[in-house]
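Peer 1: Please find one structure pasted underneath; my questions will follow.
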Amino acid sequence: MIQEKIYNIGTYMFSGAMKFASLLNPKAKLFVDGRHQLLSKIQTDFKNNNQEIAWFHCASLGEFEQGRPVIEAFKVQFPAYKIVLTFFSPSGYTVQNNYEHADYIYYLPLDTKSNAELFVKTINPQIAFFVKYEFWHNYLVALKTIGAKIISFSTIFRANQAFFKSNGGFQQNMLKQFDYFFTQDKNSFDLLSSININNKIIAGDTRFDRVAQICASPKQIPIAQKFSEKATVLVVGSSWPRDISALSLVASNLPELKIIVAPHEISDKKIDFITSTFSTRNSIRFSEATEQNIADKNLLIIDNVGMLSSLYQFADFAYVGGAFGEGLHNILEPATFGIPVVIGKEYSKFIEAVQLVEREGTFSIKDASSCLSIIKKLFDNTNFRNKTGNITKEFVRENLGSTDKILSYCKELL
């Protein structure tokens with residue numbers, strides 16, 4: 001098949017491009033170095049394995065957070081299984097390569113025919129889970145060949161994807177390898193129906209289950225707690241420079257509002273941009289903060305990874321970054337704590353954002369002026385803030401339960 005040849009050639013070309021990019025780009029270097037001699041290592045790890053295997057694959061850190069409640073529930077329900085967890089991106093692997101509920105954690109070897117066949121033959125999974133929108137042709141064929149069950153959950157599709165084009169036979173064939181889809185929404189369910197794929201159910205998004213877990217048992221962060229005492233607090237999560245620019249008038253016009261910023265990238269350059277844009281603020285980095293020296297500060301900059309989802313417990317309202325073009329980050333993490341959420345203007349591809357904006361639990365801003373307007377209202381009007389926060393909390397509550405649906409199916413399958 002011509003499309004299959006194009007796909008395989010494209011994979012090799014991508015591999016070459018990443019090797020070249022690794023000479024200049026640190027993330028590309030992690031991507032390449034993490035796969036060096038990887039299959040040999042995996043073969044060594046599995047040389048004497050005689051236990052059943054469940055394989056979970058996530059593209060990156062965001063998809064891992066979707067997969068996490070299912071991994072942990074599966075581990076409880078099927079304790080005899082060992083868990084293999086793979087990531088495509090360094091941003092997932094570097095943060096979660098010591099995740100306690102997985103027995104083996106690797107980068108995913110690139111999807112060449114030989115890589116896929118050797119990987120699948122070596123780990124020999126009884127069941128494989130792909131989170132959200134991970135579809136790898138050679139891996140799916142290899143899994144089908146050994147008779148493994150293949151599940152996609154928190155799956156989401158758009159009508160303009162190749163799967164649903166008249167010439168999308170190759171892509172559609174990938175989808176037909178799956179035993180079952182647990183889609184996030186009715187639109188994705190209907191798109192699968194349009195190409196005669198009927199082994200599916202609308203199960204919702206497992207991220208709701210994950211953020212509910214976080215809300216129930218957030219990390220204790222004494223410095224952030226001390227910083228937030230007796231203050232109204234804005235937590236800015238996963239910010240990009242354009243988000244910081246949009247918040248510039250908030251920083252200068254509401255001096256009594258304390259701000260915690262967790263940038264998407266924690267390089268010195270990105271942090272310097274925050275401090276220069278928020279120049280009226282008395283700032284400190286988390287790594288330099290103590291419960292003593294933080295008392296007179298009104299800007300706390302988080303220069304670590306892995307803390308953000310628990311920081312929202314200290315917020316009266318939140319701003320979530322990425323909706324000025326980079327891609328909106330997770331608004332469910334603050335929503336689960338029952339606080340209003342502010343985002344940028346480009347959010348139409350994120351169904352939870354569309355729904356929360358419609359319910360007026362989340363507010364979209366287009367520039368610094370509109371950002372100041374809504375945040376000042378949230379700062380000044382406690383009743384408005386509480387009413388809006390109740391909307392976000394109820395939204396999360398209504399959408400819980402996806403993990404239970406997936407595990408119920410696994411009980412029938414295994």
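Peer 1: Say we look at region 112-137 and pick out the residues that are under 19 Å from PHE170 (Cβ atoms) and surrounded by 22 or more Cβ atoms within 10 Å (Cβ to Cβ); which of these is nearest to the chain's Cα centre (by Cα)?
Peer 2: If we take residues in region 112-137 being under 19 Å from PHE170 (Cβ atoms) and surrounded by 22 or more Cβ atoms within 10 Å (Cβ to Cβ), then PHE130 is nearest to the chain's Cα centre (by Cα).
Peer 1: Find the residue count for region 142-168, including only residues that are farther than 21 Å from ALA116 by Cα and part of a helix (DSSP H, G or I).
Peer 2: 3
Peer 1: If you scan region 240-268, which residues turn out to be modelled with pLDDT under 95 and part of a helix (DSSP H, G or I)?
Peer 2: Selection gives ASP268 alone.
Peer 1: Would you be able to tell me the number of residues in region 323-381 that are in contact (Cβ under 8 Å) with a residue 60 or more places away in the chain and not aliphatic (A, V, I, L, M)?
Peer 2: 17
Peer 1: Is it true that some residue in region 281-302 is buried (at least 16 other Cβ atoms within 10 Å of the Cβ), over 24 Å from the mean Cα position of the chain (by Cα) and among the polar types (S, T, N, Q)?
Peer 2: yes
Peer 1: Now for a separate question. Scan region 331-351 residue by residue and report those that are surrounded by 24 or more Cβ atoms within 10 Å (Cβ to Cβ) and modelled with pLDDT under 95.
Peer 2: Across region 331-351, there are no qualifying residues.
Peer 1: Let me ask something additional. Looking at region 46-139, what strands (runs of 3 or more DSSP E) fall wholly within it and have at least 1 residues that are over 20 Å from LEU413 (Cα atoms) and in contact with a Ser or Thr (Cβ under 7 Å, 6 or more places away or on another chain)?
Peer 2: On the way: elements: 53-58, 82-87, 104-107, 127-131.
So the answer is 82-87, 104-107.
Peer 1: Checking the condition of a type outside the set (Gly, Ala, Ser), outside the structural domain of LYS377 (by TED's automatic domain parsing), part of a loop (DSSP other than H, G, I, E, B) and buried (at least 18 other Cβ atoms within 10 Å of the Cβ), which residue from PHE178, PHE189 passes?
Peer 2: PHE178
The values are calculated or read from the model by the stated rules, or taken from the named source; none is laboratory data. The structure presented is a predicted model; accordingly, all values stated were derived computationally and were not measured. Please note: Cβ atoms are built from the backbone with ideal geometry, for glycine as well, and neighbour counts cover all protein chains shown.
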